[in-house]
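The values are calculated or read from the model by the stated rules, or taken from the named source; none is laboratory data. Only a predicted model underlies this, so the values are computations on that prediction, with no experimental measurement involved. Cβ placement follows ideal geometry from the backbone for every residue including glycine, while neighbour counts extend to all protein chains displayed. When the accessible area is computed, the model is the full protein with side chains, heavy atoms only, and any ligands, DNA or RNA have been set aside. Shrake-Rupley method; radii C 1.70, N 1.55, O 1.52, S 1.80 Å.
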Amino acid sequence: MGLGVYLAALVLIPLPLHSAWVVLAFAVLGSAALATLGIIAGLWADKFDQLAGFQNFIIMPLTFLSGVFYSIHSLPVFWQTLSHFNPFFYMIDGFRYGFFGVSDVNPLLSIVVVLASFALLSALTLELLRRGYKIRN
C-alpha cells in the first residue's frame, strides 16, 4: 500500500528517496510494532467503542507528539524531551531520514529504538496470549 501511495505521489510531485533500504526497514518495523499494538488492543477491548478509545487516547497522542507534522526542535524543551521517550518519534524520524537524508537523531539509534519497541510489544502480546487473556471458548 505504501509503495502504491509513493508511486501515485511521484506523478504529482518529485519525492526524493535518499535510501530505499532505510525506508523499507522502518516501514516493516513500524508496521510490525503497530500491528502488535492492534493485537493488544483487540485482546483488551470487549466492544468496538473500546478500540476507538485505544486509538484516541494512546495511538493519536503518540502520533501527534512524534514530530510527524513538524520538527521537534520547534517545540519547547519540555516537549522535546518528552518526544524522545516516544517510539513513534523514532519511526517518523527514520522515515524522514530514508526519504530526505535528514533526521533529528542518529538513524542507527532510531532503528534500535523501533526494534526494541517491537520486541517489547511482541513479548507483551505473546505473554497475554500465553495466559489466555480474553480468549473465549
Would you kindly give the portion of the calculated P(r) for the chain that falls above 28 Å, as a percent of all Cα pairs? 26 percent
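Normalise the Cα radius of gyration of region 95-137 by 2.2 N^0.38 Å (N = residues in it) and let me know the number. Please report the intermediate quantities before stating the final value.
Working: Rg = 16.4 Å, N = 43, 2.2 N^0.38 = 9.2 Å.
Dividing the Cα Rg of region 95-137 by 2.2 N^0.38 Å gives 1.78.
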In the chain, if the dipole is taken from +1 on Lys/Arg beta carbons and -1 on Asp/Glu beta carbons about the Cα centre, which of Phe57, Tyr70, Gly132 is farthest to the positive end? Gly132
Report relative contact order for the chain in percent, whole number only (criteria: Cα-Cα under 8 Å, sequence separation at least 6). 35 percent
With the full set of protein chains in place, find how many percent of the accessible area of the chain is carbon and sulfur; take the probe as 1.4 Å. 75 percent
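Which of the three applies to region 66-122, rounded, prolate or oblate, going by the alpha-carbon gyration tensor with a ≥ b ≥ c and a/c under 1.5 meaning rounded? Spell out each step's value before the answer.
Working: a/c = 2.19, a/b = 1.24, b/c = 1.76.
Oblate is the answer for region 66-122, as a/c is 1.5 or above yet b/c matches or exceeds a/b.
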Rounded to a whole number, the Stokes-Einstein D of region 31-111 in µm²/s (Kirkwood radius over Cα pairs; 37 °C; 0.692 mPa s) is 239 µm²/s
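Please give the per residue accessible area of the chain, computed with a probe of 1.4 Å over protein heavy atoms only, in Å².
Dividing the accessible area of the chain by its residue count gives 64 Å².
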Between Leu24 and Phe48, what length comes free when the chain is fully extended (0.36 nm per residue of separation minus the Cα-Cα distance, one decimal in nm)? 5.5 nm
Using a Gaussian network model of the chain with C-alpha springs under 10 Å, which one of Val23, Val114, Val77 is most mobile by mean-square fluctuation? Val77
Using a basic spin-label model with each label point 7 Å from the Cα along Cα→Cβ, how many nm lie between Ile13 and His73? 2.0 nm
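If you place +1 on the Cβ of every Lys and Arg and -1 on the Cβ of every Asp and Glu, how big does the dipole about the Cα centre of the chain come out, in debye to the nearest 20? Mind showing how you got there, number by number?
Values: 6 positive and 5 negative charges, 75 e Å.
Once rounded to the nearest 20, the dipole reads 360 debye.
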